[in-house]
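What follows is one structure encoded as C-alpha cells, with my remarks underneath.
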Amino acid sequence: MAAIKTVIWAAIGLVLLTTSAIAQIERKPIAPEDLKNIQDSNAKCLECHSEGGFDTLNREGVDKDKLRDHLVDLGVYEGSNHGRVECKACHVKGFEEFPHAADDKKQINWCDECHTRKFLRIEMQFDESVHAKEGIKEKFTCSTCHDPHVFQAAKYMNSPRDVVRQDNDFCLSCHGSDQSFEQVSKEARPDLVENHEWLPNRPLHWNAVRCVECHTPVSKKVMSHEILPAEKAEKRCVACHSADSTLRLRLYKHMVSEERSRVGFVNSMILNEAYVIGATRNVYLDLALGIFAAVVVFIIVLHSILRIIAAWVRSRRNG
Amino acid sequence: MAERAYIMPIALRLWHWTNALLMILLIISGASLHFTDPVIPLIRFDIARTIHNVSGIGVSVLYIFFAVWNSATGSWRQYIPELKGLKANLDRQNYYVFVGQLKGDAPHVVPTPEQKFNAMQQLTYIGVMYIAMPVVIVTGLAFFYPELAPAQLFGFDGLLPIAVLHYVAGFGLTMFLLGHLYMGTTGTTVAGGFRMMITGWHDEHDEKPENEQP
C-alpha cells in the first residue's frame, strides 16, 4: 500500500514539475487612454484598408483593384509587434487625407527611423548574406521578409512551433513559389527537397526548426541576418544534437533565461517542444545507469581476480 | 573419455553471432548518439545514426526469426524455469558462481540439446529475449515514425517516454552483454564457452553431473 502511495505521489510530483509553462516575455505596458487613441486613429484607416471596410466601401475616386493589395487584418495586426503602433507613425503626412498624396510611398517612415541601431547591425550582416552576394540586394527590404503588419518577434511568441511556422514562411514565400522566386532572381528556384536529401526525418526537422537555424552563423546576440548559402550552411548534426546545442542561441534563445532544470533534463526548454537526441538527456538517469554499469564491471573484475587467485591456490595445493 | 554433445546447430550459431555483432554495433552507435560531443565524438552523429538504423532493423528481423523458430520448434519451453524447486536451483547456481567455481567444483548443470539453460540463465534470458528485446525493438521502430508519437505528455514532447524506455532497455541489454561475455569464460576452461558457440560442440560431458532439469 505504501509503495502504491509513493508511486502516486511521485507521479503527481512529476506532473507538477513538468507541466509548468515557460513564461512568455511580456510587452511593455501602455496606458489605456493612449491605446484607445491609437485604436481610434487606426479605425479611420481601416474604414477602407480592411476586408470589412473594403466590401462595403462605396467611395468616389477609390481604385478598388489597387486597394485590394493594401488591406490589413486588424486581428493579425494587433497581435503583431507593431499592433499598438498608430498607422500614421509609419504612413506619415501623405496618408492623412484622401486621396493620399501622389508620392505617398516616399512618405513612409521606413524601419530604420525607429530601429536605427538594430538596422545598422542588420545591414552589415545582410551585406554578407547570400541574398546580397547573389546581386539581388536591391530586391530586398526589411518587409520582403518581415511584413510589418504581421511580423511577431520570437521573444513575444508563445510557442517555438509558431516561431518556426512564421519564420519558415518568410523563406518559403519565395523559395516555395516559382512565381515569387522569379520576381527576385533570374536563377532557377532550388529544389528544396533535393537539396535537403541529406537531412534525416526532413519533414520533422522542417516543422521543428527554422531554415535560419542552419542557414545563419551562430550569433551570441540577436539572430544574424547573414543568410548562408547551402555550401556554408550548418551540416553538423551535433551543432543541435548535443548538450551544448546551438538551439540555445537560436530558436530557444528567449527561453534559456527562463529555464530551470526540470527533473534533471539538460535543455529542458527544448524538451517541452521536441525530444532532440543528444540534447535532451537526463543527467540523473545517466548517472544512475552509469553507477549501475560501474557496479557490474566491478563485480566482474572482482570475480575474475578471485578466480585467478583460487586457480593459483588450487594449482599450488595440487603440487 | 570426454563425452561431447552437439548442442548448437549452425543456424543457431549464425543467428547468435550475427545478433552479437549487431548488438555491439547498436551499443557503440547508440552511445555515440546519446552522449554526443561535437569535439570528441565516439562515432560521428550521422554515421552513428545510419549504423544504428541498419543494425536495429537487422536485429528486428533476427528477432522475428527467433520468435518463429521458437514457436515452431517448441524451444520457447527451454526458457520456462521449473517453478518447483526454483529457489533451490537459483541458490545452487549462485553458490556455484560465487563459491563452488572458486573451489574448482564442476558445474552441476550441463547443457544438453533439449535443455541448454540452467535456472539462472532461464530467468535472465526471459528478461532479455521476452522483455528487453521486444521493448527495445518496438521503441526503436517507433523512432522511425516520430510523427505518430503524442505531441505532448506531462508537458514534455511525447517522444520522451519512448526514448527513455529505449535507452533503459538498451542499457539493460548492454549490461546483459557484459555479463554474458563474462559468464562465457566461466566454463571448465576460459575459452570453452566461446569454442562451443563456434563449433557447436559442448565437450564437458565427462563430469557426469546431475542435471537439475528432468
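The values are calculated or read from the model by the stated rules, or taken from the named source; none is laboratory data. All values derive from a computational prediction rather than experimental measurement. We place every Cβ from the backbone using ideal geometry, glycine too, and count neighbours over all the protein chains shown. Accessible surface areas use protein heavy atoms only, side chains included; no ligands, DNA or RNA. Shrake-Rupley method; radii C 1.70, N 1.55, O 1.52, S 1.80 Å.
Summary table
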{"item": "Accessible area in the full protein assembly, largest first, 1.4 Å probe, for A:Glu86, B:Glu82", "result": "B:Glu82, A:Glu86"}
{"item": "Added length on full extension, which subtracts the Cα-Cα distance from 0.36 nm per residue, A:Met124 to A:Asn201", "result": "24.3 nm"}
{"item": "Candidate residues B:Val39, B:Val138, B:Val59: accessible-area rank, largest first, probe 1.4 Å", "result": "B:Val39, B:Val138, B:Val59"}
{"item": "Peptide B:89-101, shielding by other chains (average Cβ, 10 Å cutoff)", "result": "1"}
{"item": "Neighbour-limited loop hits for chymotrypsin sites (Phe, Trp or Tyr not before Pro), the range B:108-204 (at most 14 other Cβ within 10 Å; DSSP other than H, G, I, E, B)", "result": "B:Phe144"}
{"item": "Rounded to the nearest 10 Å², the accessible area of B:Trp69 at probe 1.4 Å", "result": "130 Å²"}
{"item": "Estimated FRET transfer efficiency when R0 is 45 angstrom, pair A:Ala294-B:Lys87 (beta carbons, to 0.05)", "result": "0.95"}
{"item": "Area accessible to solvent at B:Ile27, 1.4 Å probe radius, in Å²", "result": "40 Å²"}
{"item": "Distant-in-sequence amide H partners of B:Gln152 (H built 1.01 Å from N, under 5 Å)", "result": "B:Gly158"}
{"item": "Buried solvent-accessible surface, both chains (A, B), 1.4 Å probe, Å² to nearest 100", "result": "3200 Å²"}
{"item": "For the range A:68-191, size of Cβ-based charge dipole, Lys and Arg +1, Asp and Glu -1, in debye", "result": "320 debye"}
{"item": "Average accessible surface area per residue within chain A, 1.4 Å rolling probe, Å²", "result": "64 Å²"}
{"item": "Relative contact order (%) - chain B, alpha-carbon pairs under 8 angstrom, separation at least six", "result": "32 percent"}
{"item": "Distance in nm between pseudo-label sites at B:Ile57 and A:Val92 (7 Å out along the Cβ direction from Cα)", "result": "6.3 nm"}
{"item": "Mean Cα-pair separation over length for the range A:144-298, i.e. relative contact order, pairs under 8 Å, 6 or more apart, %", "result": "17 percent"}
{"item": "Modelled FRET efficiency - R0 30 Å, A:Asp55 with A:His115, Cβ distances, 0.05 increments", "result": "0.30"}
{"item": "Relative contact order (percent, whole number), chain A, Cα cutoff 8 Å, 6+ residue spacing", "result": "14 percent"}
{"item": "Distance in nm between pseudo-label sites at A:Leu71 and A:Val85 (7 Å out along the Cβ direction from Cα)", "result": "2.3 nm"}
{"item": "Surface share of carbon and sulfur [accessible, 1.4 angstrom probe, percent] for chain B", "result": "72 percent"}
{"item": "List B:His108, A:His82, ordered by accessible area with a 1.4 Å probe, largest first", "result": "A:His82, B:His108"}
